[in-house]
Amino acid sequence: MVATAATSFFPVPSPSSDSVEKINKFGSASLGGIKPKSSGGLKVRANAQAPPKINGTSVGLATPVEHVKNDDGMSSPAPRTFINQLPDWSMLLAAITTIFLAAEKQWMMLDWKPRRSDMLIDPFGIGRIVQDGLMFRQNFSIRSYEIGADRTASIETLMNHLQETALNHVKTAGLLGDGFGSTPEMCKKNLIWVVTRMQVMVDRYPTWGDVVQVETWVSGSGKNGMRRDWLIRDCKTGQALTRASSLWVMMNKQTRRLSKLPDEVRGEIEPYFMNSDPIVDEDGRKLPKLDDNTADFPRWSDLDVNQHVNNVKYIGWILESAPQAILESHELASMTLEYRRECGKDSVLQSLTAVSGTDVGGLVNSGSVECQHLLRLEEGAEIVRGRTEWRPKYANNFGNVGQIPAESA
């Protein structure tokens, strides 16, 4: 279209003065009695011009051609100028305007800015290694499906963030083999990591839309173990929200028995060990054994790629047997878990909870509450022992959601 329209810029050649003079003379002769077969034919051949075409469609001139009568009464075209030879550009200009407006709309969408500084457009990445390669840091946004009835993130959500950063730490460091957090040397020897102890301290639960920053690092623990610590902060204020510390050992994936730490594996992970104390002081109190039960059944979706129940699933099963009065009036402040053995998808589990030193009926007006937990197989073999501490909620209904003061931690 553009190439065709461009030809209209070149002026149509005007008839020479000699041809005009001949036409005038011929016209005078016709007035003297010589009548041609078609009186209008000479005028058409002398004066008519084919209108310019664009894509096969005739386009009129911007200024209509005016005809002037000469002395003999003949009509001749007006003098040609650059202006009256230009085509009608209205359709082309309309198309250009439409394209420009569409492009401007797309550009505005690409250049969109959030109305608030805490509204993040980009999805969060895998995180990055900081502190001379010894610490891993990753951000998470609390989603609507990760909060509970109190509009705060659940303990399972926080535990999933801890597990995700641990795996991403190994992956970003280039140590991830084919297993679930296993290094290449561990994969060669069919070894996997299993957690034996976990301590979690929650100072404040984030709410929907909050962005949290999770930091994690590893240290040595004895001859055959490793300790991993986590710190969760509020991205906006920098306030510490959750601290967690865990102990890990190796298990043979085929025999399902604990294994010593091979020298080859130690050589892979020791460069990433940080010389630091546990972020949570160890709770050395003995976890008691309990009676009575609430049964549960592990499902296929509860298993991880190492074919054993994910450690986060145990937490949900433990809390299932907690008294409803505690769940309604208190929130989980700390948790200590001891993992004693694994279970599979065909296992039948029993969850037991005992409230220490408090009548369950008077929990609404009580202060801190401590509970003892036990998760065991149906035949009695213990899976997890635990202890939880609960503090009164600062918001007990949907209409009264308050912020927990920082100094209350």
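The values are calculated or read from the model by the stated rules, or taken from the named source; none is laboratory data. Given the structure is predicted, the values throughout are model-derived calculations rather than measurements. FYI the Cβ positions are ideal-geometry reconstructions off the backbone, even for glycines, and counts take in every protein chain you see. Each accessible area value is taken on the protein alone, full model and side chains, heavy atoms only, with ligands, DNA and RNA left out. Shrake-Rupley method; radii C 1.70, N 1.55, O 1.52, S 1.80 Å.
Within the range 292-312, the only residue that satisfies the criterion of being buried (at least 21 other Cβ atoms within 10 Å of the Cβ) and modelled with pLDDT of 65 or more is 309. Looking across the range 350-383 at every residue that is among the β-branched types (Val, Ile, Thr) and not in a loop (DSSP other than H, G, I, E, B), the one that is modelled with the lowest pLDDT is identified as 360. What tally of residues in the range 122-138 results from selecting those that are open to solvent by 20 Å² or more (accessible area, probe 1.4 Å) and at pLDDT 95 or above? Residues meeting the conditions: 1. Residues in the range 231-244 that are open to solvent by 40 Å² or more (accessible area, probe 1.4 Å) and touching a residue at least 60 places away in the same chain (Cβ under 8 Å): 235, 236, 239. Checking 261, 247 one by one, the residue that is surrounded by 18 or more Cβ atoms within 10 Å (Cβ to Cβ) and either in the same structural domain as residue 311 (by the TED database) or not in a strand (DSSP E or B) (or both) is 261 and no other. In this structure, does residue 174 turn out to be assigned to a loop (DSSP other than H, G, I, E, B), more than 20 Å from residue 394 (Cα to Cα) and open to solvent by 10 Å² or more (accessible area, probe 1.4 Å)? It is true that residue 174 is assigned to a loop (DSSP other than H, G, I, E, B), more than 20 Å from residue 394 (Cα to Cα) and open to solvent by 10 Å² or more (accessible area, probe 1.4 Å). Each residue in the range 182-201 was checked for being buried (at least 22 other Cβ atoms within 10 Å of the Cβ), in a loop (DSSP other than H, G, I, E, B) and not hydroxyl-bearing (Ser, Thr, Tyr), and 0 of them qualify.
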